[in-house]
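Everything on this sheet refers to the single structure shown next.
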Amino acid sequence: MVGPDQQLPLPWLARPLSQALATARSHALLVQGPAGVGQFDLAMLLGQAWLCETPLQDAGRQGWACGNCASCHLFQSHTHPDFMLLLPEALREQLGWAADSEAPVKESKTKPSREIKVDAVRAMLSFAQATSARGRAKVVVVYPAEALNTVAANALLKTLEEPAGVLRFVLASTAPEALLPTIRSRCQPVPLALPDTAPSLQWLKAQGVEGPEILLAAAGGRPQEARDWFEAGLRASAWQQLPQRLARGEVALGDWPQPRAIDALQRLCHDLLRLAHGAAPSYFPADSLPKPKLAAPLHAWDAQLRRAARHAEHPLNAGLLMESLFAQGQQALREAMPRRG
Ligand SMILES: [Zn+2]
């Protein structure tokens, strides 16, 4: 959100924010694009701007929230009476919206839900019916929209169909094709693409991320993902060494959560395939990679990785699986680089 210094926490959102504010015609916007580039942040910036009582008027920041008015202060302290956020429980803490004022967290073994449940949508419906407390607007942010379960999505649909005066919505989704078509068709799309490299690197450096060039490429150009990986312990040097460790048959990434480790191997396989087809790699520095000649063995490894990825959340034996995936990768690489002679 915009603070008193009127700076955006994610600098590459400046253009998409101005564009969305200038072109918004619908009472419901759907921010869509890849994960890890600030969808949630953009949705919140739009919400804050609509609620702000003295939005900025200067060129380049037309309509942005001021960061200083009473409404902005309420927004920043998560207590704005005209704002409602629909978020799965599983994301609350990560996004800084853990409910500290509500009942203490139950001592239960159930994992926090990844869904937005119908109860939350029902609470939103009564919020929607009340008059605006500060008289400016009422804003609902739904993130990620694909987390709405079917019942919740159908309940939301009713308010999207009959907007109540000053009520506005921002939905954000990395998988808009997974939304009900009726929800999609009632929202104005706001595409959010990968940011340019320069602002991404600048931001990563400001976050204290070491080796930002390598990690940004590893994360496919998604700066928030690169930052998350760094915070989870991934170092640029370990990423650069991964191809050689595979070639030597060493099992690396042992301390990574399994889905992320498999994802890393898929990126490595993707890059090896690109090289075998004469294209430039996407995720690894070119000089860190062996130069395979044949694609077929790598396609076979790719298929094995895909199968493993489908079951990555429920591995039977994580250690054994990784050993087997590395062994298959090493074998594929050997076959892809036949020695002449
Ligand atoms: Zn303001």
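The values are calculated or read from the model by the stated rules, or taken from the named source; none is laboratory data. Quantities reported herein were computed from a predicted structural model and do not represent experimental measurements. Positions of Cβ are backbone-derived with ideal geometry, glycine not excepted, and every protein chain shown enters the neighbour counts. Ligands, DNA and RNA are stripped out before the accessible areas are found, and what is left, the full protein with its side chains, is counted by its heavy atoms. Shrake-Rupley method; radii C 1.70, N 1.55, O 1.52, S 1.80 Å.
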**Report entry** Accessible heavy-atom area order of D82, D302, D263, highest first, probe of 1.4 Å
**Finding:** D263, D302, D82
Query raised in the report: Relative to the first principal axis of the alpha-carbon coordinates of the chain, what is the inclination of helix 236-247, with its axis defined by its Cα atoms, in degrees from 0 to 90 and to the nearest 10?
Result: 40 degrees
Query raised in the report: Tell me, what is the 1.4 Å probe accessible area of K117, in Å² to the nearest 10?
Result: 100 Å²
Report summary line: HN-Hα couplings for the range 38-43 via Karplus (6.51, -1.76, 1.60; θ = phi - 60°), in whole Hz with x for Gly/Pro, come out as x, 4, 4, 4, 5, 4
Report task. Output ³J(HN,Hα) for the range 185-192: one whole-Hz value per residue in order, computed from phi by the Karplus curve 6.51 cos²θ - 1.76 cosθ + 1.60 with θ = phi - 60°, and x for Gly and Pro. Result -> 6, 8, 10, 8, x, 10, x, 10
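Largest first, what is the accessible-area ranking of R61, R248 with a 1.4 Å probe?
The residues order as R248, R61, largest area first.
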Report task. Can you bin the range 1-132 into rounded, prolate or oblate? Criterion: square roots of the alpha carbon gyration tensor eigenvalues sorted a ≥ b ≥ c, rounded for a/c under 1.5, prolate for a/b above b/c, oblate for the rest. Result -> prolate
Requested in this report: Express in nm, to one decimal, how much length is gained between H277 and M1 on full extension, taking 0.36 nm for each residue of separation and deducting their alpha carbon distance.
Outcome: 95.0 nm
Requested in this report: Collect residues whose amide H, placed 1.01 Å from N in the peptide plane, falls under 5 Å from the amide H of V190; neighbours closer than 5 in sequence don't count.
Outcome: L30, V31, Q32
Report task. Using a 1.4 Å probe and ignoring any ligands, DNA or RNA, find the accessible area of M337 and quote it in Å² to the nearest 10. Result -> 70 Å²
Report summary line: Restricting to Cα pairs under 8 Å and 6 or more apart, the percent relative contact order of the range 116-253 works out to 18 percent
Query - In sequence order, calculated HN-Hα J values of the range 145-159 (Karplus, 6.51, -1.76, 1.60; Hz; x Gly/Pro) - result: 4, 6, 7, 5, 6, 4, 5, 5, 4, 5, 5, 5, 3, 4, 6
Query raised in the report: When the chain is fully extended, how far beyond the present Cα-Cα distance does A327 get from A198, taking 0.36 nm per residue of separation?
Result: 42.7 nm
Requested in this report: For the range 116-152 and the range 319-341, write down the distance between their C-alpha centroids in whole Å.
Outcome: 51 Å
Requested in this report: Among P4, V141, L56, pick out the residue whose Cα is farthest towards the positive end of the charge dipole of the chain, where Lys and Arg carry +1 and Asp and Glu carry -1 on C-beta, about the Cα centre.
Outcome: V141
**Report entry** Gyration tensor (alpha-carbon) shape descriptor, the range 239-309, a/c threshold 1.5
**Finding:** oblate
Report summary line: So the angle from the long Cα axis of helix 197-206 to the longest Cα principal axis of the chain, reported in degrees to the nearest 10, equals 80 degrees
Report summary line: Amide H proximity to A35 below 5 Å, modelled H, separation 5+ or other chain, gives none
Report summary line: CD proxy, 222 nm, the chain: helix-only mean residue ellipticity via -39,500 (n - 2.57) per DSSP H run with n ≥ 4, per residue, nearest 500, stands at -13500 deg cm²/dmol
Requested in this report: Please give the FRET efficiency for S185 paired with A296, using the beta carbon to beta carbon distance and R0 = 35 Å, rounded to the nearest 0.05.
Outcome: 0.20
Query raised in the report: What nm value, rounded to one decimal, do you get for the distance between D58 and S77 when each label is placed 7 Å out toward the C-beta?
Result: 2.7 nm
Requested in this report: Measure out, as a whole number of angstrom, how far apart the alpha-carbon centroids of the range 68-97 and the range 256-272 sit.
Outcome: 35 Å
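May I ask you to derive the relative contact order of the chain, considering only C-alpha pairs under 8 Å and at least 6 residues apart, and to give it as an integer percent?
After rounding, I find 17 percent.
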Report task. Heads up, I need the accessible area for L85: 1.4 angstrom probe, whole protein in place, Å², nearest 10. Result -> 20 Å²
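Going from most exposed to least, what order do F326, F127 have by accessible area with a 1.4 Å probe?
Solvent-accessible surface, decreasing: F127, F326.
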Report task. Mind giving me the FRET efficiency for A123 and D255? R0 is 30 Å, r the Cβ-Cβ distance, nearest 0.05 is fine. Result -> 0.15
Query raised in the report: So who's got an amide H within less than 5 Å of the one on L86, skipping anything under 5 residues away but keeping other chains? H placed 1.01 Å off N, in plane.
Result: V141, V142, Y143
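Shape of the range 158-199 from its Cα gyration tensor (a ≥ b ≥ c, root eigenvalues): rounded if a/c is under 1.5, otherwise prolate when a/b > b/c, or oblate?
Here the range 158-199 falls in the oblate category.
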Report summary line: Here, R334 and A70, labelled 7 Å along Cα→Cβ, have an inter-label distance in nm of 7.4 nm
Report summary line: Counting only DSSP beta bridges with both partners in the chain, the antiparallel fraction in percent, to the nearest 5, comes to 0 percent
Report summary line: Over the chain, with neighbouring protein chains present, the accessible area per residue in Å² at probe 1.4 Å is 51 Å²
